[in-house]
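Beneath this line is the structure, given in structure tokens, with notes to follow.
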Amino acid sequence: MEESRRTALVGGIVLILLGILFLVGQIVPGLWGWVGPLSWPLIVVGVGVLLLLIGLASNAPGMAVPACVVGGIGLLLYWQNATGNWESWAYAWTLIAGFAGVGTVLMGLWTGRWKTIRGGLWSILISLILFAIFASFLGGPFSLGKYWPVLLILLGLLGLGRGFFRQRQ
């Protein structure tokens, strides 16, 4: 069966199953009682897992990227909801590129492409450096004080190094 047809079939089956699940939840009012006030972000994580399962079932490695972004945001929302630290969005948004990097690494592992894995690892590294920079001067969990620009210099040096030492195609 061709890939686009398989993807459409899997997507259709998943939507039907979700529709049945939510319909039963509407008909049986107490069904969702186990979902407490702290666990609503787990629904977002579940959507990420669902996207990954759709990708696996339809052999679509590219689905790993949105799956990791959605799942990562869900985990971040869970942490913020549990701690009440909603102000962390001021710097936590920088992790979204890292979530995409994790998905890219998974996609590279799935397809066996080293360049894809390497690109995902660079996204993760840049995301973590940006997280450290923004968290440092926006009240994050640690502070580099007046030395946070050193991370910008490091990021610039990494960019220069990649530009100078990139293999010619």
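The values are calculated or read from the model by the stated rules, or taken from the named source; none is laboratory data. None of these values were measured; they are calculated from a predicted model. Don't worry about glycine lacking a Cβ; one is built from the backbone with ideal geometry, like all the others, and counts go over all protein chains shown.
Pairs meeting the criteria (first residue in segment 17-30 and free of Cβ contacts under 8 Å to residues at least 12 places away in the same chain, second residue among the aromatic types (Phe, Trp, Tyr), beta carbons under 9 Å, at least 6 apart or on different chains) are GLY25/TRP32.
The set of residues in segment 38-68 that are assigned to a helix (DSSP H, G or I), more than 17 Å from GLY12 (Cα to Cα), in contact (Cβ under 8 Å) with a residue 40 or more places away in the chain and more than 11 Å from the chain's Cα centre (by Cα) comprises PRO41, PRO61, GLY62. Taking (1) surrounded by 18 or more Cβ atoms within 10 Å (Cβ to Cβ); (2) more than 28 Å from PRO41 (Cα to Cα) in turn, ARG166 satisfies each apart from (1).
Does GLU2 meet the test of being of a type in the set (Asp, Glu), under 26 Å from ALA132 (Cβ atoms) and surrounded by fewer than 19 Cβ atoms within 10 Å (Cβ to Cβ)? Lay out the reasoning, then the answer.
Values: of a type in the set (Asp, Glu): yes; under 26 Å from ALA132 (Cβ atoms): no; surrounded by fewer than 19 Cβ atoms within 10 Å (Cβ to Cβ): yes.
No: the conditions fail for GLU2.
Per the listing GLY112, GLY156, the residue uniquely surrounded by fewer than 16 Cβ atoms within 10 Å (Cβ to Cβ), of a type outside the set (Asp, Glu) and under 22 Å from ASN59 (Cα atoms) is GLY112.
For segment 55-65, the criterion of a residue being loosely packed, with under 11 Cβ neighbours inside 10 Å and modelled with pLDDT of 80 or more is satisfied by no position.
Any chance you could count how many residues in segment 81-101 are closer than 17 Å to CYS68 by Cα and part of a helix (DSSP H, G or I)?
Taking segment 81-101 first, the residues closer than 17 Å to CYS68 by Cα are 92-101.
Filter again for part of a helix (DSSP H, G or I), leaving 92, 95-101.
Number satisfying all stated conditions: 8.
Taking the options VAL10, VAL49, name whichever one is aliphatic (A, V, I, L, M) and either modelled with pLDDT of 85 or more or over 28 Å from LEU106 (Cβ atoms) (or both). Show your work before the answer.
Values: VAL10 fails: either modelled with pLDDT of 85 or more or over 28 Å from LEU106 (Cβ atoms) (or both).
Being aliphatic (A, V, I, L, M) and either modelled with pLDDT of 85 or more or over 28 Å from LEU106 (Cβ atoms) (or both) holds for just one of VAL10, VAL49, which is VAL49.
Annotation note: of THR104, THR116, the sole residue that is free of Cβ contacts under 8 Å to residues at least 40 places away in the same chain, assigned to a helix (DSSP H, G or I), hydroxyl-bearing (Ser, Thr, Tyr) and under 23 Å from ALA67 (Cα atoms) is THR116.
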